Amino acid sequence: MSGQGLTGLSPWSRRLVAAGVLAWCLITVFPLYWVVVTAFKTPPGVVGGPTYLPFIDFTPTLQPFIDLYQGIRGEFFRTFLNSTIVGLSAAAIATAIGAMAAYALVRFEFRVRLGAGLAFFLLALGGYLVFNNNFGFTRPQALLLAFPIALAVAIIANRLPLPGPILGNEDILFWFVSQRMFPPIVTAFALYLLYSEIGRLGFQLIDSYIGLTLCYVAFSLPIVVWLMRDFFEAIPIEVEEAAMVDNVPSWRIFVGIVVPMSMNGLLATFMITLAFVWNEFLFALFLTNSRWQTLPILVAGQNSQRGDEWWAISAAALVAIIPMMIMAGLLSRMMRSGLLLGAIK
């Protein structure tokens, strides 16, 4: 509701709105507060009943954090480093690739024939089955042979006057975003099977930096393309046209003009992507065993034969939350300055 709308309310209506906002704030903040106070409790203080105020209801202790530091609750620093390396890498790669894709969707017109897409699907699936069943290739080898052939044929077929609808830029964008509509468990299981097959060729992707990073890049690309498209649409095309008059190549226009003008949007998209990757649980659960486990897996594993040890879970969760709280503060400032304005002032 806008400020002009609030000024038109009666005093009682304003109080009602303020009470609703305060109630919503309390509901939102209380879980975070409960994690903080639980992280400083002893085991008897947690199982002995609810206590709310430190130094009044209970005596705070740093023992849960000492256990994390000493590695009693698992290799916390290694998983923290894993999350940092994989998160930064995946967010940077996804932002770079997604920004280029979004810019292409804004400035260039694409025409993809539906028949060419169907040809790719049928040739990829049929070629895989033929190579695997009739020629004796292993499943990974059949995949590596069938997909490039199907892609080459689809590119050639797209240039032919095939019957059927022609998909434009909006359809391609919808296809990008629709990838997030798949149930994550289906994608995670399919990736696990694919990585297992590739591992038989000698390329270890399960429980590896490359495998987890590639997964998160693919997982993050739709949201990057969707966000960056709005930023690039807000950039005046006259600036690029002036550069084209001087025969500046397209790649230099993108790198030297478009990227600096959309820097706020790129940084905001990078931070949003990093937040998604940092908090992701399911793919890390399926695709890692020990070496490249991330923080969500460690936090979920803070239990014992006696059940969930909430003081340990809260301590690990609090340390995992702190970087995202810092990111949220930075992102809120960028939203006020550039994100809502398409990074153009």
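Just order 206-214, 15-23 by mean Cβ neighbour count inside 10 Å, highest at the front, would you?
Most protected by this proxy first, the peptides run 206-214, 15-23.
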| query | How would 13, 83 rank on accessible area, largest to smallest, probe 1.4 Å? | reply | 13, 83
| task | Find out how many positive minus negative residues lie around residue 254, taking Lys and Arg as positive, Asp and Glu as negative, among other residues whose Cβ is under 11 Å from that of residue 254. | result | +1
| message | Roughly how far apart, in whole Å, are the Cα centres of the stretch 116-146 and the stretch 173-192? | response | 21 Å
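Is the stretch 70-168 rounded, prolate or oblate when judged by the Cα gyration tensor, a ≥ b ≥ c being the square roots of its eigenvalues, rounded requiring a/c under 1.5 and prolate requiring a/b larger than b/c? It would help to have the intermediate numbers written out before the result.
Working: a/c = 4.42, a/b = 1.51, b/c = 2.94.
Oblate, because a/c is 1.5 or more while a/b does not exceed b/c.
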| query | So for the chain, what are the equivalent ellipsoid semi-axes in whole Å, largest first, each being the square root of 5 times an eigenvalue of the Cα gyration tensor? | reply | 43, 33, 18
| If Lys and Arg each add +1 and Asp and Glu each add -1, what is the summed charge of the other residues whose beta carbon sits under 14 Å from the beta carbon of residue 190? | 0
| note | In order over the stretch 197-213: 3J(HN,Hα) from phi, Karplus 6.51/-1.76/1.60, θ = phi - 60°, whole Hz, x for each Gly or Pro, gives 5, 5, x, 6, 8, x, 9, 7, 10, 6, 6, 9, 5, 5, x, 5, 5
| message | If you average 1/r across every pair of different Cα atoms in the stretch 105-218 and take the reciprocal, what Kirkwood value do you get, in Å? | response | 16.2 Å
| field | the stretch 208-314: C-alpha gyration tensor shape, a/c 1.5 cut-off, then a/b vs b/c | value | prolate
| query | Taking the Cα atoms of the stretch 5-66 alone, what are Rg (to one decimal) and Dmax (as a whole number) in Å? | reply | 18.1, 55
| task | Assign unit charges at the C-beta atoms only (+1 for Lys and Arg, -1 for Asp and Glu), then state the dipole size of the chain relative to its Cα centre in Debye, rounded to the nearest 20. | result | 180 debye
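Mind pulling the per residue volume of the convex hull built on the Cα atoms of the stretch 236-279? Å³ is fine.
It is 66 Å³ per residue.
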| said: Given a 1.4 Å probe and heavy atoms of the protein chains only, how would you sort 25, 215, largest accessible area at the top? | reply: 25, 215
| message | Given axes a ≥ b ≥ c from the Cα gyration tensor, I'd like to know whether the stretch 1-137 is rounded (a/c under 1.5), prolate (a/b larger than b/c) or oblate. | response | oblate
| field | Apportionment of accessible area to carbon and sulfur, the chain, percent (1.4 Å) | value | 71 percent
| Percentage relative contact order, the chain, counting C-alpha pairs under 8 Å, at least six apart | 26 percent
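The values are calculated or read from the model by the stated rules, or taken from the named source; none is laboratory data. All values derive from a computational prediction rather than experimental measurement. Neighbour counts are summed over all protein chains in view; Cβ atoms, including those assigned to glycine, are modelled from backbone coordinates with ideal geometry. These accessible areas exclude ligands, DNA and RNA; they are computed on the full protein's heavy atoms, side chains included. Shrake-Rupley method; radii C 1.70, N 1.55, O 1.52, S 1.80 Å.
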